[in-house]
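The numbers here are math on the coordinates, done by the rules we state, and not lab data. As the structure is a computational prediction, the values presented were derived from the model and not from experiment. Cβ coordinates were reconstructed from backbone atoms using ideal geometry, including for glycine residues, and neighbour counts include every protein chain displayed.
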Amino acid sequence: MLKKLPSLHALPRMSLAGKSNAPLRLRESTSTDNRSTLEAIADALAQLEGEAVGAPLHRLHRLMVERVFRARGVWELKAGGGQ
């Protein structure tokens, strides 16, 4: 977005803390710091307002990932290696 909207450069930014263990995700990533939009929002809320505020969105993210993998028929394979 910063490349397409240079006016965003003037806005304040917040960096999310790194993760030692990435949760199970729908997309493979080269870095544990990469996040989905929902996961990033949950992490930002947790960082700004406390873990209790981000926790419901983290649960929603886990549920969404589980349901997608179950629908694809790969939940047992993914859950066994990813959690």
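The loop-placed trypsin sites (Lys or Arg not before Pro) in the chain, going by DSSP, that have at most 11 neighbouring Cβ atoms within 10 Å of their Cβ come out as LYS3, LYS4, ARG13, ARG27.
For the chain, the mean residue ellipticity at 222 nm estimated from helices alone is -17000 deg cm²/dmol, where every DSSP H run of n ≥ 4 contributes -39500 (n - 2.57) and the total is divided by all residues, rounded to the nearest 500.
With both labels modelled 7 Å from their Cα along Cα-to-Cβ, the THR32 to LEU63 distance reads 2.7 nm. Annotation for GLN47 and HIS9: the two label points, set 7 Å from Cα along the Cα-Cβ direction, are 2.2 nm apart. Over all distinct Cα-Cα pairs of the range 35-83, the Kirkwood formula returns a hydrodynamic radius of 11.5 Å.
Over the chain, the fraction of Cα-Cα pairs per 10 Å bin, rounded to whole percents and listed from the shortest bin up, is 16, 40, 31, 11, 2.
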